[in-house]
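Undergrad: Take a look at the following structure, please.
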Amino acid sequence: MPAIEILGYAASGVVFATFWMRTMIPLRIVAIVSNLLFFGYGLWGDLAPIVILHGALLPLNAVRLHQAVRLRRRLRQIAHAAFDPQALAPFMGERPTPAGAVLFERGDAADAIYYLASGRARVVELDVPLPPGSLVGEIALFAPDRRRTQTVRCESDCLFLRISEERVLQLFAENPEFGLYLVKMMVARLLENKARDPARLEAVAGGVDRKRSNAGDD
């Protein structure tokens with residue numbers, strides 16, 4: 001078998017292998033190998049269309065490989081980095097809430113996340129204080145029934161910043177830092193609440209479950 005045919009079969013086999021790749025970086029590496037093989041095959045066989053096609057695909061695949069590697073490194077870095085909730089301020093609207101008022105009650109529909117810009121508030125069921133800089137309401141937004149599991153009451157005049165569910169989901173999809181921050185914060189908050197008072201947390205969860213059951217019976 002002529003060497004040029006062996007090169008052509010090898011290039012075709014590498015292309016076939018790309019269909020078995022499940023992740024982007026190995027896919028781009030194998031695609032680059034196929035481009036090189038087909039480029040050499042086209043030059044050897046004086047096949048201008050193949051030379052032009054794979055000569056154009058080679059730098060494109062190289063750029064995409066670089067972007068994929070850079071994104072993976074960035075995700076590894078931000079997995080352990082802190083996210084500043086104040087970065088969300090441009091996407092949020094103000095909601096002044098006076099002392100003694102309730103921001104939301106347990107069982108309310110969850111349609112937004114709130115950031116406490118100033119003032120003091122408290123999670124009633126868990127008796128947990130919320131100082132300025134706290135982000136609240138994120139867990140219920142991702143719960144299956146999208147209902148508030150806690151009541152938040154202001155202990156002083158508060159200024160909350162509100163970001164809608166639609167905007168949260170958009171940022172979650174577009175901004176990996178924000179998505180990872182939400183996931184880490186929700187896990188940390190659940191573990192913190194459980195460590196603080198597991199009996200009360202289970203009682204709150206049981207109350208929500210009973211409310212769901214009663215609503216279903218109605």
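Undergrad: Which pairs turn up if I take residues in the stretch 121-143 that are in contact (Cβ under 8 Å) with a residue 24 or more places away in the chain and on the phi > 0 side of the Ramachandran plot and look for partners that are part of a loop (DSSP other than H, G, I, E, B) and buried (at least 17 other Cβ atoms within 10 Å of the Cβ) with beta carbon separation below 7 Å, at least 6 apart in sequence or on another chain?
TA: Final answer for the pair search is G137/A110.
Undergrad: Moving to a separate point now. When you check L65 against the structure, is it over 28 Å from R167 (Cβ atoms) and either outside the structural domain of L161 (by TED's automatic domain parsing) or at pLDDT 85 or above (or both), yes or no? Spell out how you get there, then give the answer.
TA: Working: over 28 Å from R167 (Cβ atoms): yes; either outside the structural domain of L161 (by TED's automatic domain parsing) or at pLDDT 85 or above (or both): yes.
Yes; evaluated as a whole, the condition is true for this residue.
Undergrad: Oh, and also: How many residues are within 25 Å of V69 (Cβ to Cβ), β-branched (V, I, T) and touching a residue at least 40 places away in the same chain (Cβ under 8 Å) when one looks only at the stretch 3-48?
TA: Of the residues in that region, 1 qualify.
Undergrad: Restricted to the stretch 139-167, and to residues that are of a type in the set (A, V, I, L, M) and over 24 Å from the mean Cα position of the chain (by Cα), which residue is nearest to P129 (Cα to Cα)?
TA: Keep residues of the stretch 139-167 that are of a type in the set (A, V, I, L, M), which gives 139-141, 143, 152, 159, 161, 163.
Subsequent filtering for residues that are over 24 Å from the mean Cα position of the chain (by Cα) retains 152, 159.
Working: V152: 10, L159: 15 Å.
For the stretch 139-167, the residue satisfying everything is V152.
Undergrad: Out of L71, L58, which single residue is modelled with pLDDT of 90 or more, in the same structural domain as V33 (by TED's automatic domain parsing) and part of a helix (DSSP H, G or I)? Reasoning before the result, please.
TA: Working: L71 fails: modelled with pLDDT of 90 or more.
Only one candidate qualifies: L58.
The values are calculated or read from the model by the stated rules, or taken from the named source; none is laboratory data. The structure presented is a predicted model; accordingly, all values stated were derived computationally and were not measured. Counting neighbours? That spans all protein chains shown, and the Cβs are built from the backbone with ideal geometry, glycine included.
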